[in-house]
1. Part of a strand (DSSP E or B) and either touching a strand residue (DSSP E or B) at 6+ places or on another chain (Cβ under 7 Å) or of a type in the set (Val, Ile, Thr) (or both): which single residue out of Ile77, Ile64 fits that description?
2. I need every pair where a residue in the stretch 49-73 that is farther than 9 Å from Phe6 by Cβ and loosely packed, with under 13 Cβ neighbours inside 10 Å has its Cβ under 9 Å from the Cβ of a residue that is at pLDDT 85 or above and of a type in the set (Phe, Trp, Tyr), sequence separation at least 6 or different chains.
Amino acid sequence: MARRAFYSFHYAPDNWRASQVRNMGVIEGNTPATDNDWESIKKGGDAAIQKWIDDQMDGKSVAIVLIGANTAGRKWIKYEIKKSLG
């Protein structure tokens with residue numbers, strides 16, 4: 001059975017890397033946000049971002065954290081990791 005994955009990464013510098021991993025076709029069930037979608041989500045503030053993350057993580061069986069140079073300290077990366085563990 002294919003795993004349903006949520007990808008966690010620092011969007012601006014690492015979006016292209018995340019796309020490469022997604023496109024490998026190894027893990028199914030992930031619908032990435034487009035640049036336009038992500039800009040719209042960000043305009044809604046923290047509540048909108050958190051709701052989007054929660055909705056995206058619902059029903060996923062694994063979280064994949066793609067680590068870049070500035071990933072570790074990111075607020076939403078920390079939230080996604082904590083949510084995936086709990």
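The values are calculated or read from the model by the stated rules, or taken from the named source; none is laboratory data. Just so it is clear, the model here is predicted, and its values are computed rather than measured. Glycine gets a Cβ as well: all are built from the backbone with ideal geometry, and neighbour counts include every protein chain shown.
1. Details: Ile77 fails: part of a strand (DSSP E or B).
Answer to the selection: Ile64.
2. Pairs that qualify, where the first residue is farther than 9 Å from Phe6 by Cβ and loosely packed, with under 13 Cβ neighbours inside 10 Å and the partner is at pLDDT 85 or above and of a type in the set (Phe, Trp, Tyr): there are none.
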